[in-house]
Every structure is written in structure tokens, then in C-alpha cells.
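**Q** Structure incoming, see below.
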Amino acid sequence: GVRARIRTPGGRTTPFRAVDDGSGAVLIQKAYPGTAFGPGSLADQHIILRLIDYGIFDRTYADFSPQQNALVNDVLSEIVQTTGDTSVSGIVERLHEVVPEIESSRLEVIARTEMTRFVNAARAEAWRDDEVNGEVWLYGWVGPKDHRTTEVCKRITQRMGNGVQFAEASAIVAQESQRGAQEREDNSWQYRGDWLAHHQCRHVLSRIRRVR
């Protein structure tokens, strides 16, 4: 998963890693010293803060008031910077505290979509840094293969095949995300370059092997 340090409200930096538990419930798990993800192996200390600065959670949700949008975005930003419960159910519970008037099912969609967006973007951001520093890898599109798998993700998986380089992977996801929106006649969807191919996407960018 993505390894990074996040700054807590008290000003300390704490190592975290972002992972997908395989069920689509995205978690941000604390990496304790002495494990494989201890401080000595952190790839980048600023990934999470960089994404927040980029506006990863600067979202506008359909039928939400400006205040509701702000509350939800603030909670999501807070969650990835603290040691709270980062399971989907935990995120929904926290969101429900600030917007109790919103149905839990809607909050669950937001939790799954936005945390998958965050994990994909954080992972890709760390890998982009590696590529800038001279590493070259092949990447694939990995996720569940079941009745919920969308045509968008099926096409991305097929096009990436046994692995493509970073720039091509980025282009494929962008193209198929927009193609899917057109097929669904969903004018509200706009791919943002954050590796989230569609709402509630369960697939993630994955490294396959290093070329150099």
C-alpha cells in the first residue's frame, strides 16, 4: 500500500499506509514501528498532505447544501490525518454525526467512493515520484471479478493486460472513465485524474513488475 507520514492535529508525524482489504472496504492502517512499514521504509513523508492541498476532498455532492458539502469534506480530510476508525462503517458513523439528515446508504456510497479515490491517488502519487526519480514499472488494474464489476473496469483491465507503463495506464483510465460516463449518459461525472474510474469503483492501480 501507500506509505506516508501524516501530520496529526498535535503537530506530530505518524507513519500510515493505505490499503484495500479486498472487499472494497478501503482502510488506512497505522504502521507501527518495527513492522515492514516502519519509519525506515516510508516512501514519502508528504503524500497525504499533498493530496489534501490538491483538493482531493474538495467535492460537491448532488443535492447537498454548501454547508453539508463542507462538513463531509472536512470529516474525510480529518479521517485520513488521524488514528480514528477508517473502515467504511466507521467513516459512515463519523459522517452521520455531522450530517444526520443524510441517509446512511448515501453516506456509504460517499465513504466507499471518496476513500477509494484517496487510496488510488495516494498510491499513484508515490509511484509517480518514483518514476520521476528514474524507476520504470509496469502497472495493471486490479480488483474483484464478480457480478458487480463494471464494463469500465473490465475494459481497463483488458487494455492494461500484463502491464503498461505509468503514462499509458493514466491515459487508459482517463479514456475509459469518460467513455463509461458517456455510455451511462452521466453528465455529472468528470474524471479528475485521480484514478477513480467511476462511482463506487473497487479497482485500484497496481504495480506488476519493475522494468528498470
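The values are calculated or read from the model by the stated rules, or taken from the named source; none is laboratory data. Predicted model only: the values in this text are computed from it and were never measured. Cβ placement follows ideal geometry from the backbone for every residue including glycine, while neighbour counts extend to all protein chains displayed. We work out accessible area using only protein heavy atoms, side chains counted, and drop any ligands, DNA or RNA first. Shrake-Rupley method; radii C 1.70, N 1.55, O 1.52, S 1.80 Å.
**Q** Tell me, what is a quarter of the convex hull surface for the C-alpha atoms of region 80-155, in nm² with one decimal?
**A** 7.3 nm²
**Q** If you plug each phi of region 176-187 into the Karplus form 6.51 cos²θ - 1.76 cosθ + 1.60 with θ = phi - 60°, what whole-Hz ³J(HN,Hα) values come out, in order, with x for Gly and Pro?
**A** 6, 4, 5, 4, x, 4, 5, 5, 7, 6, 9, 6
**Q** Another question, if that's okay. Using θ = phi - 60° and the Karplus curve 6.51 cos²θ - 1.76 cosθ + 1.60, what whole-Hz ³J(HN,Hα) does each residue of region 200-208 get, with Gly and Pro shown as x?
**A** Karplus values, whole Hz, x for Gly and Pro: 6, 5, 10, 8, 9, 5, 9, 6, 9.
**Q** Something else: Amide H of TYR139: which non-local residues (sequence gap of 5 or more, or other chain) have their own amide H closer than 5 Å, using H built in the peptide plane?
**A** VAL164, GLN165, ILE208
**Q** A further question follows. Taking a probe of 1.4 angstrom, what is the accessible area of ASP58 in Å², to the nearest 10?
**A** Here the residue's solvent-accessible area equals roughly 120 Å².
**Q** Can you give the Rg to Rh ratio for region 125-212, taking only C-alpha atoms and Rh from Kirkwood?
**A** Reported Rg/Rh, Kirkwood definition of Rh: 0.98.
**Q** Next question, about the same structure. Using +1 at the C-beta of Lys and Arg and -1 at the C-beta of Asp and Glu, which of VAL98, THR157, ALA126 has the Cα lying farthest in the positive direction of the dipole of region 38-159?
**A** Of the candidates, THR157 comes out farthest on the positive side.
**Q** Sticking to Cα atoms, compute the Rg of region 56-201 to one decimal and its Dmax as the biggest Cα-Cα distance, whole number, in Å.
**A** 16.4, 49
**Q** Could you put LEU76, LEU71 in order of accessible surface area, largest first, with the 1.4 Å probe and the full protein assembly present?
**A** LEU71, LEU76
**Q** Still on this structure: If R₀ is 25 angstrom, what is the calculated FRET efficiency for the pair ASP130 and GLU151, using the beta carbon separation as r and rounding to 0.05?
**A** 0.20
**Q** Shifting gears a bit: Accessible area per residue of region 161-212 at 1.4 Å probe, in Å²?
**A** 56 Å²
**Q** How much accessible area does GLU135 have with a 1.4 Å probe, in Å² rounded to the nearest 10?
**A** Near enough 50 Å² of accessible area.
**Q** Provide the per-residue ³J(HN,Hα) series for region 92-108, in order, calculated from phi with Karplus coefficients 6.51, -1.76, 1.60 and θ = phi - 60°, each as a whole number of Hz, with x at glycine and proline positions.
**A** Listing the rounded values in order: 4, 4, 5, 5, 5, 5, 9, 10, x, 7, 8, 4, 4, 4, 5, 5, 5 Hz.
**Q** Still on this structure, I have one more. Ignoring any ligand, DNA or RNA, what whole percent of the accessible area of region 70-165 comes from carbon and sulfur when the probe is 1.4 angstrom?
**A** Carbon with sulfur: 48 percent of the solvent-accessible area.
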